[in-house]
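Trainee: First the structure, then my questions, so here it is.
The values are calculated or read from the model by the stated rules, or taken from the named source; none is laboratory data. All values derive from a computational prediction rather than experimental measurement. Glycine gets a Cβ as well: all are built from the backbone with ideal geometry, and neighbour counts include every protein chain shown. For accessibility, only protein heavy atoms count, side chains too; no ligands or nucleic acids. Shrake-Rupley method; radii C 1.70, N 1.55, O 1.52, S 1.80 Å.
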Amino acid sequence: MDPKSVPRDGTYYSYSRYLEQIFGGKTYKIVVASGYTCPTRDGTLAQGGCAFCDVRGSSSFFGKKGRGSEIRAQIRSRLPAIQKRFNATHFLAYFQSYTNTYSDVEDLRQLYEAALEEPQIQGLCIGTRPDCLPDPVIALLEELAQRTYISLELGIQSFENPTLLWLTRGHDSQCSMEMLKKLQLQAPSVHVCAHLIFGAPTDSPQMAKNAASFLNQSGVRGAKLHQLMVLENTELARRWRQDPFPTLSLEEYADQVIEFIENLSPSIYIERLCATASHSDECLAPEWSRNRWEPHNRLRDRMKQKGCIQSIQIV
Ligand code: SF4
């Protein structure tokens, strides 16, 4: 895409604009649970999950039996309220929690097809890890993406190995870079969105700029940003209580985001600038993560003050 032709929402290419360009109307994601686990939870790489992750195990699980009908039931029970509340016209099924490609390819096919059978569902967003995409799964995603919208939310989190180690991710940056290359070659129709976390004490000063440069070469369509949060029931909470480590102030985080955006190709959309703790009382640090709109507004104000624009500084 010619970067000059990319419409802007103020200072950056927003996810809502990107969805509007594809679907031509207000598009919402309906969260559905696949019932899969993760290699950092089932003992394959680790137990207890990645150090920052508080995803709640049992609440979103269901048995494998009757999976197709279960997925359809989840969509049918959630869609009407979202449609009414947001006046949305287009819907995507969002496999958000856990590793949603962590099964054999035929099981995955059944799961994805079940969601796509729902008449109002116009595509899928699938959250996964870069080390859980074997070739047959990539081929399945490409096959589906040639007939419908498929977005892969890839948990890269960081391109820096000290941070990946500190987050107990169980994979390194080489793994992410190789997977991005592979997806570019073998699944060009899949819309890949890179999920990144800013603010680990192990991050280098060049982290945000370098992350943008990697993504510019990677073929991803989008990026989704998340500040490092210390949440109850995680390994980070245990470490933080034992020996508190620094987390970013809102201004420090905003400056990382600005650096990232200013170095990001204008053809890459940004799905989210910062996250909100879903259970504010369980967020130990940074405190500003407990609020939804105030951090977002202050972040936007700082971007405006600093004249931040998602520009073409690609070298
Ligand atoms: S961050 Fe993702 S891969 Fe890690 S434990 Fe949580 S859901 Fe699983």
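Trainee: I'm told Trp293 meets every condition in (1) touching a helix residue (DSSP H, G or I) at 6+ places or on another chain (Cβ under 8 Å); (2) open to solvent by 10 Å² or more (accessible area, probe 1.4 Å) except one. Can you identify the failing condition by its number?
Mentor: (1)
Trainee: Continuing with the same structure: Quick one: count up the residues across the stretch 11-44 that are in a helix (DSSP H, G or I) and open to solvent by 40 Å² or more (accessible area, probe 1.4 Å).
Mentor: Total meeting the criteria: 5.
Trainee: How many residues does the stretch 28-44 hold that are away from the ligand (no atom under 12 Å from the Cβ) and within 17 Å of the chain's Cα centre (by Cα)?
Mentor: Summing the residues that are away from the ligand (no atom under 12 Å from the Cβ) and within 17 Å of the chain's Cα centre (by Cα) in the stretch 28-44 gives 5.
Trainee: Whether any residue in the stretch 152-161 is open to solvent by less than 60 Å² (accessible area, probe 1.4 Å), of a type in the set (S, T, N, Q) and either away from the ligand (no atom under 16 Å from the Cβ) or out of contact with any Leu (no Cβ under 8 Å at 6 or more places or on another chain) (or both) is what I want to check.
Mentor: No, the stretch 152-161 contains no residue that is open to solvent by less than 60 Å² (accessible area, probe 1.4 Å), of a type in the set (S, T, N, Q) and either away from the ligand (no atom under 16 Å from the Cβ) or out of contact with any Leu (no Cβ under 8 Å at 6 or more places or on another chain) (or both).
Trainee: Among the candidates Arg147, Arg169, Arg221, single out the residue that is open to solvent by 50 Å² or more (accessible area, probe 1.4 Å) and in contact with a strand residue (DSSP E or B) (Cβ under 8 Å, 6 or more places away or on another chain).
Mentor: Arg221
Trainee: Another one. Run down Arg221, Arg169, Arg238 and say which single residue is within 16 Å of Ala51 (Cβ to Cβ), among the basic types (Lys, Arg) and under 18 Å from the mean Cα position of the chain (by Cα).
Mentor: Arg169
Trainee: Here's something else I'd like to know. Working only within the stretch 106-129, note down all residues that are more than 15 Å from Gly35 (Cα to Cα) and either touching a residue at least 12 places away in the same chain (Cβ under 8 Å) or within 16 Å of the ligand (Cβ to nearest atom) (or both).
Mentor: Across the stretch 106-129, the qualifying residues are Glu113, Leu116, Glu117, Glu118, Gln120, Ile121, Gln122, Gly123, Leu124, Cys125, Arg129.
Trainee: Being open to solvent by 20 Å² or more (accessible area, probe 1.4 Å), outside any loop (DSSP other than H, G, I, E, B) and modelled with pLDDT of 95 or more, is that true of even one residue in the stretch 125-133?
Mentor: No: zero hits.
Trainee: Across the stretch 266-276, which residue is nearest to Arg221 (Cα to Cα) among those that are part of a loop (DSSP other than H, G, I, E, B) and open to solvent by 10 Å² or more (accessible area, probe 1.4 Å)?
Mentor: The selected residue is Ser267.
Trainee: Does Cys132 count as within 25 Å of Val190 (Cα to Cα) and within 16 Å of the ligand (Cβ to nearest atom)?
Mentor: The answer is yes for Cys132.
Trainee: Now for a separate question. Count, please, the residues in the stretch 196-218 that happen to be of a type in the set (D, E, K, R) and open to solvent by less than 40 Å² (accessible area, probe 1.4 Å).
Mentor: 1
Trainee: Quick check on the stretch 48-81: of everything there that is of a type in the set (D, E, K, R) and at pLDDT 85 or above, which residue is least open to solvent (accessible area, probe 1.4 Å)?
Mentor: Looking at the filtered set, the residue picked out is Asp54.
Trainee: Continuing with the same structure: Whether any residue in the stretch 241-259 is within 18 Å of Ile156 (Cα to Cα), in a helix (DSSP H, G or I) and of a type outside the set (Phe, Trp, Tyr) is what I want to check.
Mentor: So far as the stretch 241-259 goes, yes, one or more of its residues are within 18 Å of Ile156 (Cα to Cα), in a helix (DSSP H, G or I) and of a type outside the set (Phe, Trp, Tyr).
Trainee: Please go through (1) open to solvent by 10 Å² or more (accessible area, probe 1.4 Å); (2) in a loop (DSSP other than H, G, I, E, B) for Thr101 and return the number of the only condition it doesn't satisfy.
Mentor: (1)
Trainee: Report, ordered by the first and then the second residue, all pairs with beta carbons closer than 6 Å, sequence separation of six or more or different chains, a first member in the stretch 251-264 that is small (Gly, Ala, Ser), and a second member that is open to solvent by less than 40 Å² (accessible area, probe 1.4 Å).
Mentor: Taking only residues 6 or more apart or on different chains, the pairs are Ala254/Leu299.
Trainee: Suppose we filter the stretch 156-166 for residues that are on the phi > 0 side of the Ramachandran plot and more than 17 Å from the chain's Cα centre (by Cα); how many remain?
Mentor: 0
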